[in-house]
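Just below is one structure, and these are the notes that go with it.
We did not get these values from a lab; they are worked out from the coordinates using the rules stated. Values in this document were obtained by computation on a predicted structure and should not be read as measured data. Please note: Cβ atoms are built from the backbone with ideal geometry, for glycine as well, and neighbour counts cover all protein chains shown.
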Amino acid sequence: MMILSKTTPRSTEILTNFAEIFLCAASRNLLQTYGIKHNLSQCGLYCRSLSQEHEIRIALPPIIAKDVGMKTIDLITLRRDFHRAPELGFAENLTKARIAAILTELGLEVFEGVGVVGLLKQGSGNRAIGLRADMDALPIFETSTHDYVSQNPGAMHACGHDGHMTMLLGAAAILAKDPDFDGTVVFLFQPNEEHGLGAQAMLDEGILERFPIQEVYAIHNLPGAPLGQVSTRTGQICSSESLFEIIIKGQGGHASMPQMGRDAITIGAEIVQALQTIVSRKLAPGAGVVVSVTEFITNGQRNVLPGQATLKGDVRARMPQDREAVAKLMKQISEGIAAAHGVSISVAFNTEFIETINASGPTEAVVEAAGAQGLETIPNREPMSFSEDFAHFCQAVPGCLLLVGNGQEGPYGQPLHASNYDFNDALLPIGAAFWAQLVRDRLAKPAGEQGDNV
């Protein structure tokens, strides 16, 4: 069902460092609710007339004015503002409102649904490409000491989505000011990547039916890699993630008389050990599969043998057939051990993220664009073990996920999801310029029209 609505602010006025935008009733209600729960002033907002129109003013840096160049300092200001006000998946209400306001001021057509979509059209070309950035933060208490730490305790941009959004907005500004291309750019700002739900939600909303695209691209920063180094590959680049839960029901009893019961903790320990043979003995060496038991929960006490145990964990796989094999073997092993001990067992296996598969054409285009920008490029990197729900876009349309080095020193080299990680502001202009280069390459003007922006 299509629920996207076009953003048409009733009034937009650029002030010294602020822009005023009036939001639709639904957005106002969400913001008001959020404001009661979290201090709006901490998120760069102030309100007036809430009892009547629930009017919300959103503080925006001067980056939104068309006659203001995309200076690095403006990108830095915007990124750090995003960093101060992180929002979790499907609750990115302030973030969405701010993105919509900036895109509107840049002259793009803007549509809001579960995410935000900006359209930039130029010329008469019928080709269209999609550029995606994720918006959500993580439920992490930030331990950084810089002066733009999260003002929303328990939420943090620890995966660089603040930078991803800013680079894409920077590209929108560059291309709006100098639209040296022929076709349509669809800017996709996606919610809830961290739980693997946002991309599919946008697809279910009918995003590709309303805004058809021939290709789709996404950037993810990579801590520990040299600043601006681009790496990607054709084929599988990110692993799937599946979560499992195994529940063992035995018979509890007195710790001094184990023979009278069926000790679920001993049976569970046997299953934990046996599951490790899936990777070491059941799959081909080098398959890149990881099976991790991450929780072992029982109802035992200091002198009570547990009658029930729950095992939970995580599986990463590079190929769909390996993921399916793990699910089958996990069930077979668990049920076999349960039968041997005379207990009942249930096995649940749910895939949260599918494998991200890059198409050859878009991947070659990324390598060419990176080269044109003078960026160090690794065109056939090793696949990553982490997961990305951009995979759903790549399953629907030929696409490419590329990784860009975030730097190697200090907070820029800390692992993703670390409480002291930070996105490298020096990457902002690099990423924005790369996006602009890619658009001009993929939506090139016909020969003879180069440089003509009429």
Query raised in the report: Which net charge results for the neighbourhood of GLU355, defined as the other residues with beta-carbon distances under 13 angstrom from its beta-carbon, given Lys and Arg at +1 and Asp and Glu at -1?
Result: -2
Report summary line: At the level of C-alpha centres, the distance separating the range 89-106 and the range 423-446, in angstrom, is 21 Å
Report task. Mind checking the full-extension length gain between SER385 and ASP204? Use 0.36 nm per residue of separation minus the Cα-Cα distance, one decimal, nm. Result -> 62.5 nm
Report task. Can you check what the net charge comes to around VAL117, using other residues whose Cβ is under 12 Å from the Cβ of VAL117 (Lys, Arg +1; Asp, Glu -1)? Result -> +1
Report summary line: Over its alpha-carbon atoms, the range 366-428 yields an Rg and a Dmax in Å of 13.9, 38
**Report entry** Alpha carbon centroid spacing (whole Å) that separates the range 172-238 from the range 371-392
**Finding:** 13 Å
Requested in this report: Please compute the Cα-Cα pair-distance distribution of the range 240-353 with 10 Å bins starting at 0, giving whole percents from short to long.
Outcome: 14, 45, 27, 11, 2
Report summary line: Lys and Arg at +1, Asp and Glu at -1: neighbours of GLN414 with Cβ under 13 Å from its Cβ sum to -3
Requested in this report: Report the label-to-label distance for PHE296 and SER344 in nanometres (one decimal), using points 7 Å from each Cα along the Cα→Cβ vector.
Outcome: 2.5 nm
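Counting other Cβ atoms within 10 Å of each Cβ, which GluC sites (Glu not before Pro) in the range 352-454 have at most 10 and sit in a DSSP loop? Spell out each step's value before the answer.
On the way: sites: GLU352, GLU355, GLU364, GLU368, GLU376, GLU388, GLU409, GLU449; in loops: GLU355, GLU376, GLU388, GLU409, GLU449.
Passing sites in the range 352-454 are GLU409.
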Query raised in the report: Antiparallel DSSP bridges in the range 212-327: what percent, to the nearest 5?
Result: 100 percent
Report summary line: Rounded to one decimal in nm, the spacing of the 7 Å Cα→Cβ label points at ALA444 and VAL149 is 5.0 nm
Query - Extension gain, GLU324 back to ASN126 (0.36 nm per residue minus Cα-Cα distance, nm) - result: 67.3 nm
